[in-house]
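Asks: Would you mind keeping the following structure in view while I ask a few things?
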Amino acid sequence: MDGTWDIEKCRRIIHTLFEAEIFETKNGKVILNFDYLGELAEIETQIKNWKKGKTIEIKHLEQFKVELTPVDKSSVAIRT
């Protein structure tokens, strides 16, 4: 490193990556682009929706909530 990187700069970048939920990326890749000062300038994601020979199943759960009953601690999905 040439001295332009410091702990605070790295912390800001890592914080931004967590806020952008890039660590939740599945079946794809994330490209980080930095400006001339070494600051994070852009986050690009590329998600594969189809791959030859493989079927990708995407499941979306909407309008559901999970409640834990205090008696037996079991999880129950309830449609709202």
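Asks: Give the residue that is nearest to residue 6 (Cα to Cα), with candidates limited to residues of region 36-53 that are within 19 Å of the chain's Cα centre (by Cα) and exposed (fewer than 12 other Cβ atoms within 10 Å of the Cβ).
Replies: That would be 41.
Asks: Out of curiosity, is residue 33 under 19 Å from the mean Cα position of the chain (by Cα), surrounded by fewer than 10 Cβ atoms within 10 Å (Cβ to Cβ), at pLDDT 60 or above and assigned to a strand (DSSP E or B)?
Replies: yes
The values are calculated or read from the model by the stated rules, or taken from the named source; none is laboratory data. Remember, it's a predicted structure, so these values are computed and weren't measured experimentally. Reconstructed Cβ throughout: ideal geometry from the backbone, glycine too, with neighbour counts over all protein chains shown.
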